[in-house]
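Comments concern the structure below.
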Amino acid sequence: MTDTGTIDSSFLEDAKKRSGEDLDLCYQCLKCTAGCPTAPYMDIRPNNIIRMIQMGMKEEVLGSSAIWLCVSCETCGTRCPNKIDIGVLMDALREMAVEEGVKAKEKNIHLLHEAFIQSIRRGGRIHEATMLMDYKLRSKDFFTDLVPGMKLFLKGKIPLFPDFIKGKEEIKRIFEKCTKEK
Amino acid sequence: MKFSYYPGCTEHSTSLEYGLSTHAVFKTLGVDLVEINDWNCCGAAATHSLNHLLSLCLPARNIAIAQSSQAGSLVIPCAGCFNMTKRAEYALKNDEAKRKEIEEIVGFKYQSTLEILALMDVVVNRIGLEKIQEKVKRPLKGLKVACYYGCALVRHPKVTQLDDPENPQYLDRLMAALGAEPVEWSYKIDCCGADLALTYADVVKKLVGRIVSMAGEAGAQCMVTSCGLCQANLEMRQEAGLPIFYFTELMGAAFDVEGREKWWSKHVIPPKGLLKELGLG
């Protein structure tokens, strides 16, 4: 933990409201962290994320790698004795970080999500080839993982042409309303 | 028996063999899967990571289409799509303000009578294992299989309401009904690392490596799953060479349906050697 950030007294209430989870109930049993598959790679463990929210450490939490490394496997939320859905909390924290313009500590994970969402916006369904190309251009990470990608392509599992839906206008409207009303 | 069917984007890409085998075995079972019209992507991890409302509205559009098609309960093969659609259903059923907001954005009126089911649930509980057993022509004798459920089918249980979240049994029972031997092991619900495969391949390699080595230690010759992302990760991020099947492929092998060569050819780890060895090829 760092001690450089300022304390934000409304952070706990904001995080509770946004996630719908009662974060006051956490008694630090560590069950969430014990079962978390990506906790060993996080800068702040899930149980500490909750404690730091209670303490108003907004900058540290929203600027952490932890909120991006969570893959929403929901092991934590399933096992929490106080029924705190930490996966849902992590979603809320990522959304808050993006809205407040906090630079994602895990830039590429953020960019991959963005590329995926833009692919849906374009045609209503995912088109892997253009989505991955878009991600590579955004992240400028051109050489990682070319071999698995090529293997799938050679198996005919990455179609060249997209499969757009007819209701593209409906999708566009849904996107506009979901982005505007936030 | 008839169901509405949501194939999901990967049926025509990374999980081709899942779609092909699903349609083949359902034809054999005489159960109709009616694809819903002009469906869209469920939004996957990307939307719920960055835009909660969008992550509810995209699957809600599919729910709206399934409602108006009136072809019966909505069946979803991919565990990930199933999870996203159940999350939307959960919000529609339990949060009135959110339901109104989603209805307004998507332009429909939600009817809570539409059931949303995972394909595996339909096979085990709607069609039933007795009917499955009747169709078995070539029992999968001698095939030791580790049933891998992953995350999205069983968690969060309040949302998915499928099987036991810590020790699920549906796949194990199905495999036994097909004549295979499901092994006892403790990694059946451990996460494979999901889409970190594209950004943190090393983390996924470690997670997958552990899962696959535990399956091997339990005596499994292969693994079986129902999730496109799990299947791709398990197949491409391991070094042990353990074949990874979709459960519908093993149903197809036991039913002795046509066209199996094409499914096997889509696998990065070729399963034909193992099947031949056991006289199941």
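Odds and ends about this structure:
- Test: B:G179 is among the small types (G, A, S) and not assigned by TED's automatic domain parsing to the domain that holds B:L242: no
- Comparison of B:A152, B:A118 shows that the only residue that is under 16 Å from B:K86 (Cβ atoms), within 14 Å of another protein chain (Cβ to nearest Cβ), crowded, with 22+ Cβ neighbours inside 10 Å and not charged (D, E, K, R) is B:A152.
- Condition broken by B:I65, with the remaining ones in (1) at the interface with chain A (Cβ under 10 Å from one of its Cβ atoms); (2) buried (at least 22 other Cβ atoms within 10 Å of the Cβ); (3) touching a residue at least 12 places away in the same chain (Cβ under 8 Å) satisfied: (2)
- Considering the range A:132-154, the residues that are modelled with pLDDT under 90 and among the aromatic types (F, W, Y) include one that is surrounded by the fewest Cβ atoms within 10 Å (Cβ to Cβ), namely A:F143.
- Every condition in (1) in a helix (DSSP H, G or I); (2) crowded, with 22+ Cβ neighbours inside 10 Å; (3) out of contact with any Lys or Arg (no Cβ under 8 Å at 6 or more places or on another chain) holds for B:A97 except the one numbered (2).
- Of the residues making up the range A:45-90, those that are surrounded by 23 or more Cβ atoms within 10 Å (Cβ to Cβ), in a loop (DSSP other than H, G, I, E, B) and either over 18 Å from the mean Cα position of the chain (by Cα) or of a type in the set (A, V, I, L, M) (or both) number 2.
- The set of residues from the range A:32-44 being under 16 Å from the mean Cα position of the chain (by Cα) and hydroxyl-bearing (S, T, Y) comprises A:T38, A:Y41.
- Selection status of B:I63, touching a strand residue (DSSP E or B) at 6+ places or on another chain (Cβ under 9 Å) and either in a helix (DSSP H, G or I) or on the phi < 0 side of the Ramachandran plot (or both): yes
- In the set (1) of a type outside the set (F, W, Y); (2) in a loop (DSSP other than H, G, I, E, B); (3) modelled with pLDDT of 95 or more; (4) surrounded by fewer than 17 Cβ atoms within 10 Å (Cβ to Cβ), the condition left unmet by A:V102 is number (4).
- The range B:7-48 - residue that is in contact with an Asp or Glu (Cβ under 9 Å, 6 or more places away or on another chain), facing another protein chain (nearest Cβ under 7 Å) and part of a helix (DSSP H, G or I) and, of those, surrounded by the fewest Cβ atoms within 10 Å (Cβ to Cβ): B:H12
- Applying the set (1) within 21 Å of the chain's Cα centre (by Cα); (2) away from every other protein chain (no Cβ under 14 Å); (3) assigned to a helix (DSSP H, G or I) to B:V224 leaves exactly one unmet item: (3).
- When the range B:107-131 is filtered for residues that are among the hydrophobic types (A, V, I, L, M, F, W, C) and within 17 Å of the chain's Cα centre (by Cα), the ones remaining, listed by number, are B:I116, B:L117, B:A118, B:L119, B:M120, B:V122, B:V123, B:V124, B:I127.
- Search result, residues across the range B:79-108 that are in contact with a Gly (Cβ under 7 Å, 6 or more places away or on another chain) and under 15 Å from B:S4 (Cβ atoms): B:C81
- A:K157, sole failed condition from (1) of a type in the set (K, R); (2) surrounded by fewer than 16 Cβ atoms within 10 Å (Cβ to Cβ); (3) within 7 Å of another protein chain (Cβ to nearest Cβ): (2)
- Options B:A197, B:A215: the member that is assigned to a helix (DSSP H, G or I) and at pLDDT below 95: B:A197
- Among (1) in contact with a Phe, Trp or Tyr (Cβ under 6 Å, 6 or more places away or on another chain); (2) within 28 Å of B:K206 (Cα to Cα) - the single one A:K58 does not satisfy: (2)
- Residue in the range A:118-154 that is nearest to B:Y200 (Cα to Cα), counting only those that are more than 8 Å from every other protein chain (Cβ to nearest Cβ) and of a type in the set (V, I, T): A:V147
- Note on the range A:100-110: residues that are more than 7 Å from chain B (Cβ to nearest Cβ) and closer than 15 Å to B:T47 by Cβ amount to 1.
- Residue in the range B:253-260 that is acidic (D, E), surrounded by fewer than 19 Cβ atoms within 10 Å (Cβ to Cβ) and either touching a residue at least 60 places away in the same chain (Cβ under 8 Å) or in contact with a strand residue (DSSP E or B) (Cβ under 9 Å, 6 or more places away or on another chain) (or both) present: yes
- Matching entry among B:V31, B:V25 (being in the same structural domain as B:G80 (by TED's automatic domain parsing) and under 20 Å from B:E115 (Cβ atoms)): B:V31
- Once the range A:169-182 is narrowed to residues that are modelled with pLDDT of 95 or more and in contact with a helix residue (DSSP H, G or I) (Cβ under 9 Å, 6 or more places away or on another chain), the residue that is farthest from the other protein chains (Cβ to nearest Cβ) is A:K172.
- Any hit, the range A:26-41, residues being loosely packed, with under 14 Cβ neighbours inside 10 Å, assigned by TED's automatic domain parsing to the domain that holds A:L89, touching a residue at least 24 places away in the same chain (Cβ under 8 Å) and not hydroxyl-bearing (S, T, Y): yes
The values are calculated or read from the model by the stated rules, or taken from the named source; none is laboratory data. This is a predicted model, so every value here is computed, not measured. So basically every Cβ, Gly included, is an ideal-geometry build from the backbone, and we count neighbours across all protein chains shown.
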